[in-house]
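The values are calculated or read from the model by the stated rules, or taken from the named source; none is laboratory data. In this text the structure is predicted, and so the values were computed from the model without any measurement. Don't worry about glycine lacking a Cβ; one is built from the backbone with ideal geometry, like all the others, and counts go over all protein chains shown.
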Amino acid sequence: MRHFYQSLVIQIALILFLPPFAHAESGTTQNWNQYRGPNRNGISTESGWLCEWPKEGPPIAWKESIGTGFASMAVVDGKVYAMGYDEKAGEDVVHCFDAATGEEKWTYRYECDIRDRQHEGGPSGTPAVTDKYVFTIGKEADFHCLDANTGQKVWYKDLTQEVGAKIPTWSFSGSPLLLGDRVVIDVGRIVAMDQATGNVVWQTKDYGAAYSSPVAFEYDGKQCLAVLPEIGLVILDAANGEQVAFHSWETKYGVNATTPLIDGNKVFLSTGYNRGCSLVELKGGDGIEALWENGNMNNHFNSSILWNGHIFGMNDNEKTLACLDASSGETVWAQEGFGKGSVALADGKLIVLSEKGEMAIAEASPAGYKELSRAQVLGGKCWTVPVISGGRIYARNAKGDLVCLDVSAG
């Protein structure tokens, strides 16, 4: 229960400090304006959606082809923003669709290499969307600000030139973070830029480019950022980028690819390649203490969910969906069959997408894995976390098939 209240406090703090659209809307709908949602924790306040489906699954509202890649979707004010790679044209493509019908509102294209080392390649960073702007980043650190309504370019920065970002082995995969009138990105250097102009407000030293995305939270009386570049967990002052605290966390091949989970003054870390997981506590000032560390969760590239004192995520070592007790790190239960899948949460339900395109809805409970529904919604490789907004679930595969599932109550 203590962890539940700590989580509640930090979510309230984030609502106060995050930009427009961080608030849940009235009714059952919540905008999903950036990677892992408005509070950057993979949890939606969406409620009243249909979680028990017929055998054939929920109705498919629409399908579109968006191009090769692994970027998740943003959904804001009835529009879906997605990215993919057009292999024939050799271009990254940013798409804007009508959320209800799939009608394409606009596209924006730019030349880029597919960067397909040991995977299909294509963009992996999820668009971040405000009422005015769409922020996207490609594999080669092409950072764009587009007009959210028209798709016209507002500004562009090549971050390899702008801040000296060095392209890592599997190229850039982190997603932009909306932070007031700024947008923050981790490209080894953590960089805060003015949303309207693209001017750099602050940047850090080079911590080594990995594949993670930053998250904002309140700590020690100020707004901070938790980032996981190549060398470990870095806590930064969000106002100026100054380092507040550091905890070493290195993974084989430099693959720190997940976003830290925040629980009050505690941070959960988990990465793959047998690195495992840990819960660390921020002790005030620059102090950090590991409360526990073990191999019970190995998140390769999809982050876990913290809910009511328990952690739900994909343990890559065992290829299971696992539930851990957040206070001890002990495994409560594990369910096979999802491979390198992903998980989101809404209304106390886990939305699980297997790497082979099966979607399951299950209770987010330590009592055991209780499945409510299951359906084959996609084919091919599915490594990208699904999104729920407005009574619809959006999911994609590496090939670029994007499907919209109607889970509205009526």
Qualifying strands (runs of 3 or more DSSP E) (wholly inside region 347-398; at least 2 residues being within 14 Å of GLY313 (Cα to Cα)): 349-353, 358-363
Those residues of region 104-128 which are part of a loop (DSSP other than H, G, I, E, B) and not charged (D, E, K, R), in sequence order: CYS112, ILE114, GLN118, HIS119, GLY121, GLY122, PRO123, SER124, GLY125, THR126, PRO127
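Can you pull out the residues in region 195-207 that are closer than 18 Å to THR130 by Cβ and assigned to a loop (DSSP other than H, G, I, E, B)?
Hits for region 195-207 are GLN195, ALA196, THR197, GLY198, ASN199.
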Residue tally, condition under 19 Å from the mean Cα position of the chain (by Cα) and not polar (S, T, N, Q), over region 33-65: 8
Tally of residues being within 14 Å of ALA148 (Cα to Cα) and surrounded by 18 or more Cβ atoms within 10 Å (Cβ to Cβ) across region 84-98: 4
Hits in region 52-71 (condition: of a type in the set (A, V, I, L, M) and surrounded by 19 or more Cβ atoms within 10 Å (Cβ to Cβ)): ALA61, ILE66, ALA71
Failed item, numbered, when GLN30 is tested on (1) modelled with pLDDT under 95; (2) farther than 25 Å from ILE185 by Cβ; (3) buried (at least 22 other Cβ atoms within 10 Å of the Cβ): (2)
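Looking at ASN265, is it more than 27 Å from SER124 (Cβ to Cβ) and in contact with a Gly (Cβ under 7 Å, 6 or more places away or on another chain)? Reasoning before the result, please.
Details: more than 27 Å from SER124 (Cβ to Cβ): yes; in contact with a Gly (Cβ under 7 Å, 6 or more places away or on another chain): no.
Judged against the criteria, ASN265 is not a match.
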Residue match in region 125-140 (condition: under 13 Å from ALA398 (Cβ atoms) and in contact with a Gly (Cβ under 6 Å, 6 or more places away or on another chain)): no
Count - residues of region 151-177 that are within 21 Å of the chain's Cα centre (by Cα) and β-branched (Val, Ile, Thr): 2
Hits in region 237-281 (condition: in contact with a His (Cβ under 9 Å, 6 or more places away or on another chain) and buried (at least 17 other Cβ atoms within 10 Å of the Cβ)): VAL255, ALA257, THR258, ASP263, GLY264, LYS266, VAL267, LEU269, THR271, GLY272, SER278, VAL280
Residue in region 196-207 that is under 18 Å from the mean Cα position of the chain (by Cα) and either free of Cβ contacts under 8 Å to residues at least 12 places away in the same chain or crowded, with 19+ Cβ neighbours inside 10 Å (or both) present: no
Residue list for region 320-339, restricted to those being in a strand (DSSP E or B) and hydroxyl-bearing (Ser, Thr, Tyr): THR320, THR331
Strands (runs of 3 or more DSSP E) wholly inside region 208-311 that include at least 3 residues being out of contact with any helix residue (DSSP H, G or I) (no Cβ under 9 Å at 6 or more places or on another chain) and not charged (D, E, K, R): 222-227, 232-237, 243-248, 266-271, 276-284, 287-294
